[in-house]
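Novice: This structure is in structure tokens; I'll ask about it shortly.
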Amino acid sequence: MTNNNQSQAGSDIGMVGLGVMGRNFLLNMADHGFSVAGFDKDPAKVEALGHEAEQRNARGANDVVAFVDMLRRPRAVMLLVPAGPPVDSVISDLLAHLEPGDLIIDAGNSHFTDTDVRARNLAAKGVNFLGVGVSGGEEGARRGPSIMPGGPKEAYERIRPVFEASAAQVGGEPCVTYLGPGSCGHYVKMVHNGIEYALMELIAETYDLMKRGLGLDDDQLHDVYAGWNRGELEGYLVEITSNIFCKNDPKTGRRLIDEVRDAARQLGTGMWTSQSAMELQVATPTIDVAVAMRNLSALEGERAAASAALARKTVPYPVDRGAFLGQIGRALFAGSVIAYAQGLAVIKAASAKYAYGLDLSAVAKIWRGGCIIRAAVLEDFRAAYQSQPGLANLLLDPGLGRKVMDHQEDLRTVVSAAAALGVPAPGLMTALGYLDGYRSSMLPANLIQAQRDYFGSHTYERIDAQGSFHTQWEENA
């Protein structure tokens, strides 16, 4: 397929993978004046690009040699294919036709360790490599995503005009910036997705509390979330949640949300975030429990059996509905800030561990638009890190810390209500536990250390002396 108005000069950039994301991102770049070429082994997807391209400077191929020949030297090829072996397969197919100085951009959700390996292998062949996180879904790809690039700075500079033109814009600023070397772009995107898991879990818990706990119907739920989206909770996930409750199912005539199975799938990025956080010894309990609850949701048969075997009599929980709805919203805001704080603390630790040199104000800045976790509060995060580059945790920023503490009693009330009603709210509970643990100058870890020394002679440290100590605990004092 070649557009009738397509210049036969080499295209500025190529895209491998013409599924929904790849095709939309390619058309986005073409909309901004770049000549583009697409490749997919499926002729139907190449044909779809041809139909949608219309008069844009775009062409496509289902033959890799023809595709590479469409590109201007030195070539720039972006991949939007599933993470894992498919990425290595595409790179292998391309390498036979690329030259030293060419650039490969992996824009999928690759694990950051895979990105490091690919970068080293390609550098040995003289081919540049960027690991780039892209967030925004189908609409973001078409209209402007948040883009998180990492790799060699000089390689990024080659593609920077394309990315800056195609990214989402907030206040006239593109939601893209060079983040740092190596795999940092994919690392930041991984943690973005971990935060996304946590925010979705927190929102789902508020839905459950309002539906099962308060008996709100879909119209009322729409109104609540729409109202929240006009206040401090303004953000993409709250916005789409309000819209979901209005969608009718053409098959049943009922609201579609009530026909959707309660088994949530996952692609691994949330789990990867938890795994990396544990390796870095950073606490991310709200992200961890969001992953666990998706796993629990998959146990539909067991949950049905447990519902009968472990039945509990419903205990009424007296509340003023209007007041309690306000408390739920404020609890969600506090929990959300705490979830962001956990994720950004992981990024800070990874930056030190892997020498990424990340600027967290830049990360918050490019998350303000285009991405799934975009929200009004991201501007507060950006300002906090800009004024305090060494900020250890968002909760230590005076303004953000005050906002969370202003809502902490609402969080406590909502957690207590969930426990009394028997409505699971582990995300909100872990957010509160993290807050109380983080602000506690004394934790019971002294007992844990004593236990470890008791059964395993692991030693402990004292508060009144330097060094490590061991005690024969079974001997009389």
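The values are calculated or read from the model by the stated rules, or taken from the named source; none is laboratory data. It should be emphasised that the depicted structure is a prediction, and the values quoted were computed from it without experimental measurement. Because the Cβ atoms are built from the backbone with ideal geometry, glycine has one as well, and the counts that use them run over all protein chains shown.
Novice: If only one of Ala37, Ala58 is within 23 Å of Ala168 (Cβ to Cβ) and buried (at least 16 other Cβ atoms within 10 Å of the Cβ), which one is it?
Specialist: After applying the criteria, what remains is Ala58.
Novice: Restrict the check to segment 164-175 and report whether at least one residue is in a loop (DSSP other than H, G, I, E, B), touching a helix residue (DSSP H, G or I) at 6+ places or on another chain (Cβ under 6 Å), farther than 26 Å from Leu122 by Cα and touching a residue at least 40 places away in the same chain (Cβ under 8 Å).
Specialist: For segment 164-175, residues in a loop (DSSP other than H, G, I, E, B), touching a helix residue (DSSP H, G or I) at 6+ places or on another chain (Cβ under 6 Å), farther than 26 Å from Leu122 by Cα and touching a residue at least 40 places away in the same chain (Cβ under 8 Å): present.
Novice: Can I ask one more? If I ask for residues that are in a helix (DSSP H, G or I), touching a residue at least 60 places away in the same chain (Cβ under 8 Å) and small (Gly, Ala, Ser), which ones from segment 415-462 would you list?
Specialist: Ala417, Ala418, Ala420, Gly427, Ala431, Gly433, Gly437
Novice: Now a separate question. With Ala364, Ala376 as the choices, which residue is touching a residue at least 12 places away in the same chain (Cβ under 8 Å) and surrounded by fewer than 21 Cβ atoms within 10 Å (Cβ to Cβ)?
Specialist: Ala376 is the lone residue from the list that is touching a residue at least 12 places away in the same chain (Cβ under 8 Å) and surrounded by fewer than 21 Cβ atoms within 10 Å (Cβ to Cβ).
Novice: Going through Ile257, Ile240 one at a time, which residue ends up being over 20 Å from the mean Cα position of the chain (by Cα), modelled with pLDDT of 95 or more and in a helix (DSSP H, G or I)?
Specialist: After applying the criteria, what remains is Ile257.
Novice: Which of the following residues is more than 23 Å from the chain's Cα centre (by Cα) and either closer than 14 Å to Leu202 by Cβ or outside any helix (DSSP H, G or I) (or both): Ile287, Ile328, Ile338?
Specialist: That would be Ile328, the only listed residue that is more than 23 Å from the chain's Cα centre (by Cα) and either closer than 14 Å to Leu202 by Cβ or outside any helix (DSSP H, G or I) (or both).
Novice: Any idea which of Glu52, Glu99, Glu47 is surrounded by fewer than 21 Cβ atoms within 10 Å (Cβ to Cβ), of a type in the set (D, E, K, R) and touching a Pro at 6+ places or on another chain (Cβ under 8 Å)?
Specialist: Among Glu52, Glu99, Glu47, only Glu99 is surrounded by fewer than 21 Cβ atoms within 10 Å (Cβ to Cβ), of a type in the set (D, E, K, R) and touching a Pro at 6+ places or on another chain (Cβ under 8 Å).
Novice: Let me ask something additional. Hey, any hits in segment 305-324 for a residue that's more than 22 Å from Gly235 (Cβ to Cβ), under 29 Å from the mean Cα position of the chain (by Cα) and assigned to a helix (DSSP H, G or I)?
Specialist: No: segment 305-324 contains no residue that is more than 22 Å from Gly235 (Cβ to Cβ), under 29 Å from the mean Cα position of the chain (by Cα) and assigned to a helix (DSSP H, G or I).
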